[in-house]
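Report on the following structure.
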Amino acid sequence: MTAPVVEALCQAGLFRLLVPKALGGFEATPSTILDVCEELAFADGSVGWSFAQNTTVMAYSAYLAPEYARPLADARAAAGMFAPLGTAHKEPNGFRVSGSFPFGSGCGHAEFMGGAALEMHDGEMPPFVDDLPLLRAFIVPTDRTQIKSNWDVMGLRGTGSVDFDVPEQLVASGQTFSIFDTAAITGGALYGLGPVPLGTISSVAWALGVATRALHEIIEITTGGRTRMGSDPLREQQIFQRDLGLHSKALEAARLLARDAYESTVRAIAQGASKETRKQMVRETRAAASYVVHVAKAATTFAYEASGSHGIRNPSRLQRCFRDMYVGASHLVFDERNYVELAKTRLGLAPLPF
């Protein structure tokens with residue numbers, strides 16, 4: 001992000017969108033998170049993506065001990081990447097962590113960086129708990145990491161999603177949390193989703209924002225007179241009209257699905273739903289995330305293919321939507337395995353634990 005954009009978001013307090021109220025944040029509802037993140041992604045895909053990741057890492061202040069949560073919540077912004085690509089050796093005073101991580105989206109303006117690691121106890125991997133390995137997330141000041149400059153990609157070119165290293169260092173236990181733990185130290189039912197599902201809300205909104213912008217751009221292009229020799233103007237062709245209407249309504253339906261999936265899950269958590277019920281509802285949110293990006297990708301592709309030479313010549317906002325969508329849609333949170341795990345529960349089969 002450019003400095004003026006970062007400053008504007010700071011002045012509005014938006015980097016604290018998901019920070020617990022007790023730590024000075026908004027602790028916004030899923031619907032509000034979806035609205036804000038979609039609007040920013042509509043304005044610019046790279047800004048929307050960086051903001052989505054920044055707000056997610058700021059939300060993780062809910063899982064840190066208060067003395068470490070407060071500095072994170074008060075920071076300008078935070079970034080990170082939470083695939084377990086590092087190691088966390090358990091010691092009496094905390095964990096000795098290290099690792100190398102890709103995709104540090106939004107790290108250029110972040111004051112804290114986070115990563116995740118496989119726990120090691122006495123040099124060995126500890127036994128699984130509930131069929132899951134012990135994965136430990138940690139958040140440290142940015143000046144205790146090494147940020148690289150290697151982001152040269154097809155889409156989301158403005159996210160600065162560079163690699164970063166975390167040199168070996170001791171972090172206090174309170175600076176860490178379990179990736180699979182849904183018990184927040186600060187905040188309400190929103191954080192009961194757990195760190196990973198919580199982070200999907202803003203990414204889902206990003207997909208909706210970029211796809212909505214793509215449809216906006218193709219309408220602008222066709223209204224301006226897009227045609228081919230010997231054909232009616234594109235805006236007057238029934239096949240184009242039919243497809244535009246279809247993708248517009250599909251995006252509206254996907255938006256409603258996302259709202260319902262996240263809101264109903266947080267509501268169930270607030271009402272004290274059982275652990276199994278919560279897990280099943282989280283599976284529903286993951287499948288919803290995959291479906292939303294499927295719909296968003298289809299709408300963006302339709303818009304780009306209908307644009308003709310308008311979409312291939314630079315500068316082109318629609319081309320950017322197309323490239324951004326195909327990069328962002330490859331993120332793990334949209335993996336189609338989410339459908340498979342949900343379907344297993346419908347078929348009476350045991351889903352994977354994560």
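Among the residues of the stretch 60-82, just one is in a helix (DSSP H, G or I), of a type in the set (Gly, Ala, Ser) and under 14 Å from VAL171 (Cα atoms), namely ALA69.
Write out, first by first residue and then by second, each pair whose Cβ atoms fall under 7 Å of each other, whose residues are 6+ apart or on separate chains, and whose first residue, in the stretch 158-183, is within 14 Å of GLY80 (Cα to Cα) and modelled with pLDDT of 95 or more while the second is crowded, with 19+ Cβ neighbours inside 10 Å and charged (D, E, K, R). Qualifying pairs under 7 Å: THR176/ARG136. Here is a check on your reading of the model: is GLU220 in a helix (DSSP H, G or I) and out of contact with any helix residue (DSSP H, G or I) (no Cβ under 8 Å at 6 or more places or on another chain)? In short, yes. Restricting ARG259, ARG283 to residues that are open to solvent by 50 Å² or more (accessible area, probe 1.4 Å), in contact with a Ser or Thr (Cβ under 7 Å, 6 or more places away or on another chain) and within 30 Å of LEU18 (Cβ to Cβ) narrows the list to ARG259.
Filtering the stretch 232-242 to residues that are open to solvent by less than 60 Å² (accessible area, probe 1.4 Å) and not in a helix (DSSP H, G or I) leaves only PRO233. Taking each residue of the stretch 57-73 that is within 13 Å of ALA183 (Cα to Cα) and looking for partners that are crowded, with 24+ Cβ neighbours inside 10 Å and β-branched (Val, Ile, Thr) with beta-carbon atoms closer than 8 Å, six or more apart or interchain, yields TYR60/ILE139; SER61/VAL19; ALA62/VAL19; LEU64/ILE139; LEU64/THR176. Can you confirm whether the stretch 178-194 contains a residue that is among the polar types (S, T, N, Q) and in contact with a Lys or Arg (Cβ under 6 Å, 6 or more places away or on another chain)? There is no residue in the stretch 178-194 that is among the polar types (S, T, N, Q) and in contact with a Lys or Arg (Cβ under 6 Å, 6 or more places away or on another chain). Only one entry in VAL210, VAL292, VAL204, VAL266 is in contact with a Pro (Cβ under 7 Å, 6 or more places away or on another chain), closer than 28 Å to CYS37 by Cα and either aromatic (Phe, Trp, Tyr) or not in a loop (DSSP other than H, G, I, E, B) (or both), namely VAL266. Across the stretch 17-46, the number of residues qualifying as assigned to a helix (DSSP H, G or I) and either of a type in the set (Asp, Glu) or touching a helix residue (DSSP H, G or I) at 6+ places or on another chain (Cβ under 6 Å) (or both) comes to 13. Please go through the stretch 83-95 and give me each residue that is touching a strand residue (DSSP E or B) at 6+ places or on another chain (Cβ under 8 Å), within 15 Å of GLY174 (Cβ to Cβ) and either assigned to a loop (DSSP other than H, G, I, E, B) or not small (Gly, Ala, Ser) (or both), ordered by number. Residues satisfying the conditions are LYS90, GLU91, ASN93, PHE95. The residue list ALA273, ALA303 contains one member that is crowded, with 17+ Cβ neighbours inside 10 Å, assigned to a loop (DSSP other than H, G, I, E, B) and of a type outside the set (Phe, Trp, Tyr), which is ALA273. Would you mind stating whether GLY245 is outside any helix (DSSP H, G or I) and more than 30 Å from ASN54 (Cβ to Cβ)? No, not satisfied.
Considering only residues that are open to solvent by 10 Å² or more (accessible area, probe 1.4 Å) and either out of contact with any helix residue (DSSP H, G or I) (no Cβ under 8 Å at 6 or more places or on another chain) or not hydroxyl-bearing (Ser, Thr, Tyr) (or both), which ones fall in the stretch 47-65? If the condition is that a residue be open to solvent by 10 Å² or more (accessible area, probe 1.4 Å) and either out of contact with any helix residue (DSSP H, G or I) (no Cβ under 8 Å at 6 or more places or on another chain) or not hydroxyl-bearing (Ser, Thr, Tyr) (or both), then VAL47, TRP49, GLN53, ALA65 are the ones that fit.
The residues of the stretch 143-164 that are open to solvent by 30 Å² or more (accessible area, probe 1.4 Å) and not in a loop (DSSP other than H, G, I, E, B), listed by number, are ASP143, ARG144, GLN146, ILE147.
So which residues in the stretch 311-326 are more than 13 Å from MET154 (Cβ to Cβ) and surrounded by fewer than 19 Cβ atoms within 10 Å (Cβ to Cβ)? Across the stretch 311-326, the qualifying residues are ILE312, ARG313, ASN314, PRO315, SER316, ARG317.
The values are calculated or read from the model by the stated rules, or taken from the named source; none is laboratory data. These numbers were taken from a predicted model, which means no experiment stands behind them. Methodologically, a virtual Cβ is constructed for each residue, glycine included, from the backbone with ideal geometry; neighbour enumeration extends over all protein chains shown. Please note that ligands, DNA and RNA were not included when accessible areas were found on the heavy atoms of the full protein model with its side chains. Shrake-Rupley method; radii C 1.70, N 1.55, O 1.52, S 1.80 Å.
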